[in-house]
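Read through the structure below, which is laid out as C-alpha cells, and then see the notes.
Every read-out reported here was derived from the displayed coordinates using simple, explicitly stated rules and does not represent laboratory data. Just so it is clear, the structure is predicted and the values come from calculations on it, not from any experiment. With ideal geometry, Cβ positions are generated from the backbone for all residues, glycine too; neighbour counts draw on all protein chains shown.
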Amino acid sequence: MRTSSWARHLEESLAKVALLASSLLVFVGGVARFLGRPLDWSIDLATFCFAWAVFLGADLALKEGRHVAVDTLLVFLPPKVRLGVWFLIWGLITLFLLILAWYSFQMAYLSRMRTFQGIPEFSYTWVALSVSVGSLLMGLTALGKLWELLRRRE
Amino acid sequence: MILSFLAFLVLLALGMPVVFAIGIGGFLFFLSQPGLQLTMPAQLALSETQNFSLLAIPTFILASNLMNELGVTRRLLVFAHTLTGFLQGGLAQVSVLLSLLMGGVSGSAIADATMQARLLGPEMVRKGYPPGFVAALQGFSALLAVAIPPSIGLILYGSIGQVSIGQLFAGGIGVGVLLAAAYMVTVAILARRRGYAAERPRPPGAGELWQAFRTSFFAVVFPFLLLISLRFGVFVPSEVGAAAVVYALLVGLLYRELTWERVQRALAHSVRDVGTVALLISMAAVLGYGMKWEMIPQKVSVFFLETIQDPQIGLALILVALLLLGTLLDSTALIILLTPILVPAAKALGLDLVYFGVLMVLTCAVGLLTPPVGLSMYSVCSIMGCGLGAYVREGWPFFLATLLVLFLAWLFPGVVLFLPRLLFRG
C-alpha cells in the first residue's frame, strides 16, 4: 500500500513538472525566436515533456474515472447484467492497453538508434517510452478496476 | 473499417469511455489489415503529441486553470456585480455577464458552469430563484466560454483542421456577444414575469465603474491581448498560450494571490484535463488512419458536393446532425473525430472555414447541455441538487435563445466574420 501511494505521488509530480516545463519551454523558445536567436532544442524538448504529461495525465484521469462515457443505456439493465457488462468493458480496456503497451515497448526498442529531432545523444526511445509507460500504467489501473468489480460480486 | 465503426458504436453504447471505444475501434482496423504493422497504432498515438501546433491545447488549459486559481474569478464577479446588479433579476444578469467575462480567461464551458454554479448558486437559491432555473442559467451562459477567446473547442478545431486560430478567436466574439445579449433578454423577460429582485438600488456611477474596472483590469483585457498578439503574427498560437501561462502567473503575483499551493492545484487540474483531451486526440489518430486509408473524408466531401450542392443547406444539415449527435456524444470527442472529416467537406462546398468552425464548435458544445447525456448539465444539476425534469422545464427558454443565435449566425455569416475580416483580412 505504501509503495503504491508513493508511486502515485511520483506519477502526479512527474506529470505536473512535465506540463509546466513544456509550457515554459514554449515560452522561452518564442521569446528567443522573437529576439532573433532561435533555440532549436526548445520546441523538441517541449513536445518531449508534453508527451510524458499526456500519457501520465491520462492515467491520473483514468484512476479518477474522468474519461467520459455514455452510460445512459446501462441504467436500464438489471444490476446483475450491468455488472457483467462492466466486467466485459473493463476486461477489453485492460486487454487493449496491455497490447498497446506491448507494441509501444517494441516501438521504443526499435527506435533506440534513432536520435530525437535535432538533439544529439538523445535517443527517440525516451519519447516513445511515454506511450509504453503510460499505457502500461493505464492497463494496471484498468486491471485494478476489474479486480474491484470481481470483489464486489462476492 | 465497417468493423471498426461497429465496434466503436457497440462499445460506446455499452458504456465504455469514449476514448477507449475510439482506440479499440481504430486498433481493430490494423488487425484486419494484415499488411499493417501493429506498432503503428502506438506510433500514431505518439506522433500527435509531437505536433507543435497542438501545444496550444495544454498551454491554454494551464493558463485558464491558473487564472481561475489566482483570484481572477472573484475580481470579475465584483465587476459584473457593479455593472449589472441594478437590473431586475440582478444575480441572474450578473451570472450572464460573469460568464461573458470568464469566457475571456477560460476556455472550457464545463469548468465555467461548474465554477459559477458553486460560486453563485447557493446565494441565488436563498434569494428565491428555483434551483432548476439556476442550473440551466449557469449551464447555458457558460457556453460563452466556448465562443469568447480563448476557447479550447476552437483551438482543437483550428489545430486539427489547420485553420487560423487567430481568425477563429475573432470569429467567436461576434457570436459570443450576441449569445450574451440573447441570454440577458431571456433573463429580463423571466425576471419581469416572476418578479426577481434587483441587487442594487440604482445603476452604478462612473466612479464605482472605474473602481471595479481597475481591480479586474488584467483579466478583462486578457482576450484583447490574445487577439492582438495573434493578429500581428509574431507568435504562433502555442507560443501565445505559453505566454498566457506566464501572464497568469504574473497577474497572480500582482494580485498577491500567487501561492505554491494554488499553482499546484491548477497544475493538478490541468494534467488531468490535458490527459483526457490529448489521449482522445491520440486515439482518434489511430482511428483516423483507417478512415484516411478508406478515403472516408473524400467520400463525405463527394456526397456533399454531388447530393447537397448548396453550401448553406449543407451547413444546416451538418449543424442539425451535430446537434443530434451532441445529445449523446461528448462535444470534445465530436470535434476531434469530425473535424478531419467535415473540414474537407466544408471546403468542397465553398464554405468559409472560420465561419464553419465557429458554428460547428458552438453547435457541438450545445450538446453539453442537452439530455440525455450532457456533461455541463450533469455538473450543474448535481451542484444545484435538481432533477433533470426541473432542469429541462427551466432550461428550454435558454435552449431556444441559443438556437436562435445559431440560426442568426447561420443566416448572416457576417455575425461571425465581421471581426476576422476587420482584423485579419483587411
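Cross-link partners of B:Lys299 among lysines, defined as those whose alpha carbon lies under 27 angstrom from its own and excluding same-chain residues fewer than eight positions apart: B:Lys347. Computed about its Cα centre, the charge dipole of segment A:3-153 is approximately 480 debye, with only Lys, Arg, Asp and Glu carrying charge at their Cβ. For chain B, the longest principal axis of the alpha carbon atoms and the long axis of helix B:109-126 meet at an angle near 30°. Starting from one equal scatterer on each C-alpha and no solvent at all, send me the Debye-based log10 I(q)/I(0) for segment B:296-426 at q = 0.10, 0.12 Å⁻¹, two decimals. Ignoring solvent entirely, the Cα scatterers give -0.37, -0.52. The average projected area of chain B, computed from the convex hull of its Cα atoms over all directions, is 21.2 nm².
Relative contact order for chain A: 25 percent, from Cα pairs under 8 Å spaced at least 6 residues apart, divided by residue count. Report summary: the helix-based calculation at 222 nm, which adds -39500 (n - 2.57) for every DSSP H run with n ≥ 4 and divides by the residues of chain B, gives -25000 deg cm²/dmol.
Phi angles across segment B:295-307 convert, under the Karplus curve 6.51 cos²θ - 1.76 cosθ + 1.60 with θ = phi - 60°, into 3J(HN,Hα) values of 6, 5, x, 5, 5, 5, 4, 4, 4, 5, 6, 8, 8 Hz, Gly and Pro given as x. Extent along the principal axes, Cα only, for segment A:3-153: 66, 31, 31 Å, with the longest axis given first. Rg ratio for the protein assembly as shown: its Cα radius of gyration over 2.2 N^0.38 Å, N being its residue count, equals 0.95. Can you pull out the trypsin sites (Lys or Arg not before Pro) in segment B:220-313 whose DSSP state is coil and whose Cβ has at most 11 other Cβ atoms within 10 Å? Sites meeting the loop and neighbour criteria: B:Arg256.
Toward the positive end of the charge dipole of the protein assembly as shown, with +1 on the Cβ of Lys and Arg and -1 on the Cβ of Asp and Glu, the farthest Cα among B:Val302, A:Thr3, A:Ala53 is that of A:Thr3.
The fraction of Cα-Cα pairs per 10 angstrom bin, counted from 0 for segment B:59-195, comes to 13, 44, 31, 11, 2 percent, rounded to whole percents. Building the convex hull from the alpha-carbon atoms of segment B:353-423 and averaging its projection over directions returns 5.6 nm².
Loop exposure criterion: GluC sites (Glu not before Pro), DSSP state outside H, G, I, E and B, at most 15 other Cβ atoms within 10 Å. Applied to chain B, the longest stretch between such sites is B:1-256. Please express the Cα-Cα pair-distance distribution P(r) of segment B:242-365 as a list of whole percents, one per 5 Å bin, running from 0 to the bin with the greatest distance. Final binned percentages: 2, 10, 15, 16, 15, 11, 9, 8, 6, 4, 2, 1, 0.
Qualifying trypsin sites (Lys or Arg not before Pro) in segment A:28-135, where qualification requires a DSSP coil assignment and no more than 15 other C-beta atoms within 10 Å, comprise A:Arg66, A:Arg112, A:Arg114. Close amide H contacts of A:Ser123 (hydrogens built in the peptide plane, cut-off under 5 Å, sequence separation of 5 or more or a different chain): A:Phe116. Summary value for chain B: 27 percent relative contact order, contacts being C-alpha pairs under 8 angstrom separated by 6+ residues.
Mean projected area of the convex hull spanned by the Cα atoms of segment B:92-150, taken over all viewing directions: 3.2 nm².
Ordering A:Gly134, A:Ile43, A:Gly84 by the projection of their Cα atoms onto the charge dipole of chain A, which places +1 on the Cβ of Lys and Arg and -1 on the Cβ of Asp and Glu, puts A:Gly84 at the extreme positive end. Under a 5 Å amide H cut-off, with hydrogens placed 1.01 Å from N, A:Ala69 pairs with B:Val18 among residues at least 5 apart or on other chains. What angle, in degrees between 0 and 90 and rounded to the nearest 10, separates the Cα long axis of helix B:56-69 from the longest principal axis of the Cα atoms of chain B? That works out to roughly 20 degrees. Using the Karplus relation 6.51 cos²θ - 1.76 cosθ + 1.60 with θ = phi - 60°, the per-residue 3J(HN,Hα) values for segment B:229-242 come to 5, 6, 4, 7, x, 6, 10, 7, x, 4, 5, 5, x, 5 Hz, with x marking Gly and Pro.
Each Cα pair under 8 Å and six or more residues apart adds its separation to the average, and for segment A:1-61 the resulting relative contact order is 44 percent.
Against chain A, whose longest principal axis is taken from its Cα atoms, helix A:2-34 shows a tilt of about 40°.
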